[in-house]
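Data first, discussion second: the structure below is written as structure tokens.
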Amino acid sequence: GEVAVAEGALWITDPDESSGARLLLSNDDGHRYVAPELAALGPTLVFLVWDEPHGGELWTSDGTAEGTGLLVDAVPGPDSLFPGVSVDRYVEYDDAELVGADTFAVLAGETAPAGEELWVTDGTALGTSLVLDLRPGWESSLPALLTAASGQLFFTARGADGVVCGH
């Protein structure tokens, strides 16, 4: 079915349901927020969710409520890998922060040791990691304008010298 985000929850179309859709992940009465960016990796959907125990992190779904859950808590506890979702539950988006390219998805993820850098996932916990710390240490490279084309990713970022470059 078609997948959609509405009012902070994740839905999938289902002609067997009277409403025409089935809930995959609720907004838990405002204690959870599903971001509007979704990336299909084969039969797995990867998306960004903010909730109280984990902050903003990557989640996955196989199209069933039972098969929908946290992929990995990359920044353990309530701190967030995804900087677009703040701790106070207000959402602040500038541009797409999660982009899929068939077999992988990338996002701008933020950790205390590396700052905001490029992360990749293949839809598994073991296949989710920092790609490269372009500005070593806590300074961020601020990956932006993430675009997938022909199985490749293009983006802009600040290199070690602070100059904005494309990749």
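Where the second residue is among the β-branched types (Val, Ile, Thr) and at pLDDT below 70 and the first is open to solvent by 60 Å² or more (accessible area, probe 1.4 Å) and lies in the stretch 141-167, which pairs have Cβ atoms under 8 Å and are six or more apart or on separate chains?
Close Cβ pairs (under 8 Å, with a partner that is among the β-branched types (Val, Ile, Thr) and at pLDDT below 70) amount to ARG158/VAL164.
With the requirement that a residue be in contact (Cβ under 8 Å) with a residue 40 or more places away in the chain, under 19 Å from SER129 (Cβ atoms) and either small (Gly, Ala, Ser) or open to solvent by 10 Å² or more (accessible area, probe 1.4 Å) (or both), what does the stretch 43-72 give you?
THR44, THR60, LEU71, VAL72
Considering only residues that are touching a strand residue (DSSP E or B) at 6+ places or on another chain (Cβ under 8 Å) and at pLDDT 90 or above, look in the stretch 34-44 and name the one that is nearest to LEU10 (Cα to Cα).
Within the stretch 34-44, the first condition is being touching a strand residue (DSSP E or B) at 6+ places or on another chain (Cβ under 8 Å), and the residues that meet it are 34-41, 44.
Still in the running and at pLDDT 90 or above: 34, 38-41, 44.
Values: VAL34: 7, LEU38: 10, ALA39: 13, ALA40: 14, LEU41: 17, THR44: 14 Å.
Among those residues, the one meeting the criterion is VAL34.
Tell me yes or no: at least one residue of the stretch 11-34 is surrounded by 18 or more Cβ atoms within 10 Å (Cβ to Cβ), closer than 16 Å to LEU107 by Cα and not aromatic (Phe, Trp, Tyr).
Looking for residues that are surrounded by 18 or more Cβ atoms within 10 Å (Cβ to Cβ), closer than 16 Å to LEU107 by Cα and not aromatic (Phe, Trp, Tyr), one finds at least one in the stretch 11-34, hence yes.
Pick out, from the stretch 57-167, the strands (runs of 3 or more DSSP E) lying fully within it that include 1 or more residues that are modelled with pLDDT of 90 or more and not acidic (Asp, Glu).
Working: elements: 68-72, 98-100, 105-111, 115-121, 128-132, 144-149, 152-158, 164-166.
Qualifying strands (runs of 3 or more DSSP E): 68-72, 105-111, 115-121, 128-132.
The values are calculated or read from the model by the stated rules, or taken from the named source; none is laboratory data. In this text, all values refer to a predicted model and were calculated from it rather than measured experimentally. Glycine gets a Cβ as well: all are built from the backbone with ideal geometry, and neighbour counts include every protein chain shown. Ligands, DNA and RNA are excluded from the accessible area calculation, which covers all protein heavy atoms including side chains. Shrake-Rupley method; radii C 1.70, N 1.55, O 1.52, S 1.80 Å.
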